[in-house]
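I have placed the structure first, in the form of structure tokens, so that the comments after it can refer back to it.
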Amino acid sequence: MSEDSPEYDYIEYRLIRFPSDKLDIAAMRRAHPDLFDVENASFEEVLTTLPEDNDGPLIGSMLRLERMLAQNAYEEVRGVFTEGNVISNEEKPGFIDELTGYYVKYGLATGRQHAQQMIRDFEAQATSQARTRGPGCP
């Protein structure tokens with residue numbers, strides 16, 4: 001079965017409680033006062049996935065990583081992998097490490113272990129969703 005098969009179904013992200021759901025403007029302001037608390041602030045940069053400078057916000061990247069890891073967990077149970085979201089065993093620790101850094105930076109987690117538990121939690125939600133849908137259920 002491939003993602004082009006009629007029986008392929010997609011993860012429902014709206015059913016997953018991601019840690020980033022708790023991110024608020026105050027946390028972003030604390031992390032990036034240069035983007036929020038200046039005259040003529042450029043708010044478009046806040047959700048970018050590739051900031052011009054390495055210290056810029058990567059909120060978009062954080063959201064993308066959460067969804068990639070959730071989709072990967074879902075697809076592992078389903079046995080069908082979306083071509084653009086295949087995460088190798090070698091790549092996954094790097095993605096988790098990057099996401100862990102975002103959770104700590106934005107105050108969503110108290111430390112690395114807490115952040116990694118948060119990731120395991122949403123991956124568990126994704127695998128549970130995949131199991132309840134049964135094989136090939138749309």
request  = Return yes or no: is Asp97 surrounded by fewer than 20 Cβ atoms within 10 Å (Cβ to Cβ), modelled with pLDDT of 90 or more and closer than 21 Å to Tyr13 by Cβ?
outcome  = no
query = Looking at this structure, is Ile59 surrounded by 17 or more Cβ atoms within 10 Å (Cβ to Cβ) and either of a type in the set (Lys, Arg) or at pLDDT 95 or above (or both)?
reply = no
query = What tally of residues in region 98-116 results from selecting those that are in a helix (DSSP H, G or I) and over 14 Å from Glu66 (Cβ atoms)?
reply = 5
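The values are calculated or read from the model by the stated rules, or taken from the named source; none is laboratory data. Treat the numbers as computed from the prediction; the structure is a model and nothing was measured. Note: ideal-geometry Cβ built from the backbone for every residue, glycine included; neighbour counts use all protein chains shown.
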